[in-house]
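Input: a single structure, listed below in structure tokens.
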Amino acid sequence: MQHIAIIMDGNGRWAKERGLPRAQGHRAGAESVREVMEACKELGVKYLTLYAFSSENWSRPEAEIKALMALLDRFLDEKGKELDKQNVRLQAIGQIDRLPKSTRDRLTKIQERTKNNDSMTLVLALSYGSREEITASARSIAEAALAGEITLDEITPELFSKHLYTSEIPDPDLLIRTSGEMRISNFLLWQISYSEIVIVKKMWPDFRQGDLFAAVEEYKTRHRRFGAL
Ligand code: IPE
Ligand code: IPE
Ligand code: MG
């Protein structure tokens, strides 16, 4: 198993169940991030992608968006050095130019500092939407075709993949979603074509290393056929 992708869902409900503001749920979710990162390193997983903020999440109330961006900044401040020490490379996918400048600057700095690290790659999906990503890929291929740089016959799934944010990242083997919701919410639509999906009932702030190991055990029982026999 090379790549685990996680839709970290349920922070708001976790907080509500406790009579806390939603932002508290997001804060509590940061501990789960720490847990899964360690568990993935222990398992020797090469890529961990975390869906932290979707394109659609921009339609949440301003105050919640602010709280999420502040948390992200704090995560980057606290984790920057640590990621490097642990030989982890940081990457980001999504419409990064929509993020506040303070966040973009932090991201750029840590990506630059960790770019040669090779124990694991942590991919943060930020302002990420799969439809936007696929549309952008189609647009850049169309541009190349109009400029006469490629012929129509050269437009293959492989070429298409190369124009996605994830061009350098293998497809996820395992997709986990917490909070029990049975949906994809515009996450990696192209890349999860043959991923195994595990839905976990727990809310994201309750997700611990043991839950990740259990999801991996479940994955191991699956028989991946990729359409063949
Ligand atoms: C996931 O938790 C975090 C983000 C989407 C940013 P939610 O905020 O979606 O929490 P619920 O789903 O409302 O409980
Ligand atoms: C998906 O969760 C996005 C992230 C986890 C960042 P949402 O809570 O935004 O998705 P929906 O609204 O339940 O589909
Ligand atoms: Mg949600």
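The values are calculated or read from the model by the stated rules, or taken from the named source; none is laboratory data. Treat the numbers as computed from the prediction; the structure is a model and nothing was measured. Every residue, glycine as well, gets a Cβ built from its backbone with ideal geometry; the counts of neighbours run over all protein chains shown. For the accessible areas, the whole protein counts, side chains as well, though only heavy atoms, and no ligand, DNA or RNA atoms are used. Shrake-Rupley method; radii C 1.70, N 1.55, O 1.52, S 1.80 Å.
Remarks
- So Ala5, is it under 27 Å from Glu217 (Cβ atoms), more than 14 Å from ligand 2 (Cβ to nearest atom) and surrounded by 15 or more Cβ atoms within 10 Å (Cβ to Cβ): no
- Residue ID - surrounded by the fewest Cβ atoms within 10 Å (Cβ to Cβ), chosen from residues in the stretch 165-201 that are within 16 Å of ligand 3 (Cβ to nearest atom) and assigned to a strand (DSSP E or B): Ile199
- Applying a threshold of 9 Å to beta carbon distances and a minimum spacing of six or more residues, or different chains, the list of pairs starting in the stretch 204-221 at a residue that is of a type in the set (A, V, I, L, M) and ending at one that is outside any helix (DSSP H, G or I) and open to solvent by 60 Å² or more (accessible area, probe 1.4 Å) reads Val216/Met1.
- Among residues of the stretch 144-164 being free of Cβ contacts under 8 Å to residues at least 24 places away in the same chain and in a loop (DSSP other than H, G, I, E, B), the one that is least open to solvent (accessible area, probe 1.4 Å) is Ile150.
- Asp9 fulfils the conditions (1) among the charged types (D, E, K, R); (2) out of contact with any Leu (no Cβ under 7 Å at 6 or more places or on another chain); (3) in a helix (DSSP H, G or I); (4) closer than 27 Å to Asp211 by Cβ except for a single criterion, (3).
- In the stretch 213-229, the residues that are more than 16 Å from His3 (Cα to Cα) and open to solvent by 100 Å² or more (accessible area, probe 1.4 Å): Thr221, His223, Arg225, Phe226, Leu229
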